[in-house]
1. I want to check the label-to-label distance for T358 and Q91. Put each point 7 Å from Cα in the C-beta direction and report it in nm to one decimal.
2. Rounded to the nearest whole Å², what accessible area per residue is found for the chain with the 1.4 Å probe?
3. As a test of reading the structure, rank T209, T67 by solvent-accessible area (1.4 Å probe, protein chains only), most first.
4. Take the eigenvalues of the Cα gyration tensor for the chain, scale each by 5, and report the square roots as semi-axes in whole Å, largest first.
5. Compute, for C321, the solvent-accessible surface of its heavy atoms (probe 1.4 Å) with the complete set of protein chains present, and express it in square angstrom to the nearest 10.
6. What nm value, rounded to one decimal, do you get for the distance between E184 and Y12 when each label is placed 7 Å out toward the C-beta?
7. Take the Cβ-Cβ distance between V125 and D379 as r, set R0 to 51 Å, and report the resulting FRET efficiency rounded to the nearest 0.05.
8. Assuming a ≥ b ≥ c are the square roots of the Cα gyration tensor eigenvalues, decide whether segment 1-112 counts as rounded (a/c under 1.5), prolate (otherwise, with a/b larger than b/c) or oblate.
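The values are calculated or read from the model by the stated rules, or taken from the named source; none is laboratory data. None of the values given here were measured: they were computed from a predicted structure. For neighbour counting, all protein chains shown are included, and Cβ atoms are generated from backbone atoms with ideal geometry for every residue, glycine included. Quick note on the areas: whole protein, heavy atoms, side chains included, nothing else; ligands and nucleic acids left out. Shrake-Rupley method; radii C 1.70, N 1.55, O 1.52, S 1.80 Å.
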Amino acid sequence: MCIRDSYVLLTYLVHENGFVPPHIAAGVNLNLPVVGSLLRRGGAFFLRRSFRSQKLYAAVFHEYLSTIQTQGVSIEYFIEGTRSRTGRLLQPKGGMLAMSVRSYLNAPVRPIMFQPVYIGYERVVESDSYTTELSGKTKRSEKLSDLRKIFGILRHNYGEAHVSMCQPVFLDELLEQYDSDWQETLRRESRRPQWLNSLIEELGQTIMTRINTSADVNPVNLLALVLLGTPRHALGEKQLARQITLYQELLSHKPTPGRVTLTQKNAEQIIEYGFTMEILRRQEHTLGDIISIRPERAVGLTYLRNNISHLVTLHSLVACCFLEHRSFRVSHLHEFTTIAHPFLQAELFLPWDQQQITAALDEAIEQLVDRGLLVHAGDGDTLNRTPDNPESVMQLKILAHSLLQTLHRYLITISILAKNGSGILSRAELERLCIHTAQRISM
């Protein structure tokens with residue numbers, strides 16, 4: 001997640017583990033009086049947001065990057081280009097990746113490894129500004145006077161931060177996939193290789209996917225995922241504990257990627273931790289206490305929910321199909337998932353390709369069956385909701401909520417394309433896709 005204090009946190013961890021801290025590519029907006037010079041001494045170098053129509057600046061910057069890269073200096077940068085305001089990863093920008101790759105192709109002196117890093121928080125320092133920006137307010141530029149806010153920040157409990165070193169990407173291996181004789185190709189041809197743009201695009205997508213598959217699920221993530229999926233952001237304490245336990249069990253097994261880490265707190269400890277972090281409030285009741293999110297924290301918690309919502313995408317997809325249906329054919333689920341997969345993968349950086357998604361979906365289905373939320377019918381191709389079990393119905397509804405709005409957004413987009421016409425698909429094809437999608441989800 002692209003947040004200012006990530007620069008400091010990552011540099012500190014690298015130093016504490018006995019490595020040379022990296023040079024850091026920072027936006028020119030951080031080059032403030034006094035602060036800018038201190039950041040430079042700490043390894044930062046500043047760059048403009050755009051190099052368009054600035055050929056001299058681009059050439060000088062590229063040469064600087066090539067020089068430090070050839071000398072074996074590690075470089076830290078955020079390929080999203082800006083901070084995510086929603087908690088989901090943004091589409092990667094190819095600028096710094098392209099310059100890194102081209103610098104290596106021009107002087108392949110030292111092998112290059114891209115090390116994706118996942119950084120997860122229990123509370124985001126800038127959540128208030130994110131909320132105002134999402135509501136339409138223009139982003140305010142950084143000022144030196146902002147340093148005074150540090151004293152106010154120190155009065156609050158921001159919990160823990162978790163850093164995961166994801167599976168690295170070795171550039172030589174990627175180059176071999178595109179051209180096994182790439183060095184000879186570069187010597188023989190003076191122009192840039194035709195496959196370079198495709199390689200940079202794949203590199204960016206691979207890095208973002210590996211970040212998502214190394215996420216850390218902390219107590220606040222789980223509380224946000226559960227309570228934001230309820231109509232009034234509230235549940236009975238026992239129901240809340242059961243739903244948290246369900247998510248923990250789902251995330252502890254496939255299809256959850258093996259590099260995902262999960263809090264070791266049990267459901268009761270997680271709820272208690274929510275009070276410690278000033279997220280929850282309790283309403284006493286004779287039939288059982290009601291636990292709800294503090295109203296002022298609800299919008300900020302959507303950021304933390306979105307940090308991990310991609311991990312339950314397939315479970316949520318299945319649950320969405322049972323919002324208005326008591327039974328559903330597995331073959332129809334496979335068909336619907338095949339249609340939705342390209343959209344979900346592009347937005348959520350899912351780790352499964354078109355060939356792997358069916359097996360991953362079957363694993364998600366079996367998890368829901370094992371936990372009593374669904375049952376197999378006699379024909380083997382039909383799933384039913386558990387009969388006479390209101391608890392399982394409620395759990396499926398909460399599980400479905402994290403993906404339902406995304407599916408509705410896709411349906412609206414498809415409907416508009418079908419109405420206005422599109423050069424990608426024919427009108428008839430779009431109408432069929434719209435009808436098929438509407439039949440598969442509850443509107």
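1. Taking the two extended label points, one gets 3.0 nm.
2. That works out to 52 Å² per residue.
3. T67, T209
4. Each semi-axis is the square root of five times an eigenvalue, giving 40, 30, 20 Å.
5. 0 Å²
6. Reported label-point gap for E184 and Y12 is 5.1 nm.
7. According to the calculation, E is roughly 0.40.
8. rounded
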